[in-house]
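Here is the structure we will look at.
Read-outs: derived from the displayed coordinates by stated rules, not from any lab. Quantities reported herein were computed from a predicted structural model and do not represent experimental measurements. Cβ coordinates were reconstructed from backbone atoms using ideal geometry, including for glycine residues, and neighbour counts include every protein chain displayed.
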Amino acid sequence: MSAARSETFTIERSLSGERLDKFLATRYPAVSRATLQRLIEEEHILIGGCPAKPTHSPRAGEVVSVHWPEPRSSEVKAQEIPLTVLYEDNELLVVNKPPAMVVHPSAGHEDSTLVNALLHHCAGKLSGIAGVARPGIVHRLDEDTSGCLVVAKSDTAHLALSKQFAQRSTRKIYHAIVCGEMANDTGSIRAPLARHPHKRKLMAVVDTGRDSWTTFEVKERLHGATHVEIGLHTGRTHQIRVHFQYIGHPVAGDELYAAKPTKHLIELTGYTPPRQLLHARLLAFEHPTTGEALEFEAPLPADLREALRALRRTRA
């Protein structure tokens with residue numbers, strides 16, 4: 001388990017009008033803003049040796065001291081669940097997440113999650129940067145999305161990897177089968193995303209949303225569907241699913257964003273997708289301590305290969 005530690009840095013430029021907690025959230029993307037606000041409230045963050053306030057505007061030359069307390073014990077239980085590990089060392093591991101596995105425990109998913117499996121697999125060697133002793137989930141995949149996912153085992157790795165994701169220096173390639181036969185061989189979707197204005201569980205393209213960028217290349221045109229390779233250049237919630245819905249080709253089997261198109265695909269071909277047919281095929285990043293360029297691939301899972309075979313047969 002991570003121990004308590006402290007660090008100090010000097011603010012390089014003044015940020016008038018910006019709150020300290022927002023500034024720190026940018027510096028530490030692995031840590032939630034709520035956690036940073038709690039650290040400020042508990043006087044774990046000092047400016048010039050004095051307790052900071054969350055509303056303080058950072059000024060050039062100020063010395064900020066951050067004390068990371070020893071992580072609280074996790075209430076999540078370790079479970080011996082098989083994992084497909086693509087890579088592991090003392091700092092991180094990369095897993096091939098299967099479909100139907102939730103990443104974090106939540107209401108209705110209290111166990112059998114990736115975190116439960118990692119607590120057992122890592123046996124206490126976990127990142128605690130977020131304030132709780134648990135595996136350092138740097139990024140997430142939806143429950144029904146399979147493929148490459150990196151986990152930080154140390155605080156140093158967690159911070160460094162989160163910074164790479166925030167700065168968009170990682171490379172993320174997905175494969176999907178989408179509804180309808182796409183006309184263009186390649187394309188770019190740049191549409192801002194935010195919470196749906198009326199359906200809070202959904203995301204949507206909204207003018208005031210956050211910049212979101214997805215590219216694609218057609219791999220194969222199928223019967224009533226298309227197999228595409230997707231480049232994910234930002235990492236918004238449900239980004240691929242919403243962007244492809246936005247251009248009229250939602251991910252086949254997606255119950256939230258593609259219910260009617262999937263029903264049409266089933267009627268057209270007789271094939272029923274078992275889940276949303278989306279897979280994180282490739283993940284590339286720099287090792288957080290050595291700087292070595294790392295690249296990992298997760299082969300297409302059996303259900304996605306079967307979908308390709310089925311939709312090829314119906315086309316023939």
* Asked: Label points 7 Å out from Cα along the Cβ direction at HIS104 and LEU15: separation in nm?
  -> 2.2
* Structure fact -> If unit charges are put on Cβ atoms (+1 for Lys and Arg, -1 for Asp and Glu) and the dipole of the chain is taken about its Cα centre, the option from ILE81, HIS238, ILE47 lying farthest towards the positive end turns out to be HIS238
* Kirkwood Rh and Cα Rg combined as Rg/Rh, the chain -> 1.01
* **Under 20 Å from the HIS198 label point (7 Å along Cα→beta-carbon), backbone N, the range 223-251** => 242-243, 245-248
* Asked: For ARG190 and CYS50, FRET efficiency with R0 = 41 Å and r from the beta-carbon atoms, rounded to 0.05?
  -> 0.40
* Structure fact -> At R0 = 35 Å the Cβ-Cβ FRET efficiency linking SER57 and GLU292, nearest 0.05, sits at 0.35
* Calculated [θ] (222 nm, deg cm²/dmol) that DSSP helices of n ≥ 4 give over the chain, each run adding -39,500 (n - 2.57) -> -6500 deg cm²/dmol
* For LEU86, enumerate residues with amide H under 5 Å from its amide H, sequence gap 5+ or separate chain, H modeled in the peptide plane. => VAL94, VAL95, ASN96
* Structure fact -> Per DSSP, the loop-located trypsin sites (Lys or Arg not before Pro) within the range 159-215 having at most 11 other beta carbons within 10 Å are LYS199, ARG200, LYS201
* Asked: With θ set to phi - 60° and the Karplus curve 6.51 cos²θ - 1.76 cosθ + 1.60, what are the ³J(HN,Hα) couplings of the range 181-195 in order, to the nearest whole Hz, using x for Gly and Pro?
  -> 9, 5, 7, 8, 6, 9, x, 10, 10, 10, 9, x, 10, 7, 4
* Prolate/oblate/rounded call for the range 5-68, Cα gyration tensor, a/c under 1.5 rounded -> rounded
